[in-house]
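As structure tokens, the structure follows; a few thoughts come after it.
Since every read-out is calculated from the coordinates, none of them should be taken as a lab result. Because the structure is a prediction, the values reported are computed rather than measured. So basically every Cβ, Gly included, is an ideal-geometry build from the backbone, and we count neighbours across all protein chains shown.
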Amino acid sequence: MSKQNIANCLKQLRKTSAYSANEIVEMLTEYDINISAKTLYGYESGLSMPNADVFVALCRIYKCDNPMDIFGGISLSSPEVALIEKYRSLDQVGRKHVDTVIQWESDRVEQIASLESQINSESFVLLNAAHEDPAGATPEQKQHADDIMADDSEWE
């Protein structure tokens, strides 16, 4: 999201909450943040950007529970938020386990995507397991190998 869009959102949130700039400045002191109304107007006009502490405090004052929904970026579904909350409640060992499983799954999905990409973009020879050189096998030999592969009784 652009600097100007963030500024516009901050201004709109303040107006929607029906607070004056001076009231917001006063509320920010409860978060140990001391800025002037002029500074707040600077945030709302895009002349400057609030630091992370000020931004979080403003989101709390404006009752903006999920800033990403308002300010852009990724949005999270309720189940995703629940998973994040569970993850945050884990100790270091638990988080390491979850991180490992997520990495395994991410790697697996990447491998599948890579294979699908190769299959879709390259011409390839489908090898017949019964012959070292499928190109040198006669049609009868290929058919016999295919019949064996297709016969489930061969694999019991």
Legend entry - Ile102 versus Ser89: modelled label distance in nm, points set 7 Å from Cα along the beta carbon direction: 1.7 nm
Legend entry - Additional length obtainable on full extension of the chain from Asp53 to Ser20, 0.36 nm per residue less Cα span: 9.9 nm
Legend entry - Partners for Lys96 among lysines (Cα-Cα distance below 24 Å; same-chain residues under 8 apart left out): Lys86
Legend entry - All lysines inside 25 Å of Lys3 as judged from Cα atoms, apart from same-chain residues fewer than 8 positions distant: Lys11, Lys15, Lys38, Lys63
Inset, instruction - Using 0.36 nm per residue of separation minus the Cα-Cα distance, give me the extension gain between Ser78 and Ile33 in nm, one decimal. - result: 13.1 nm
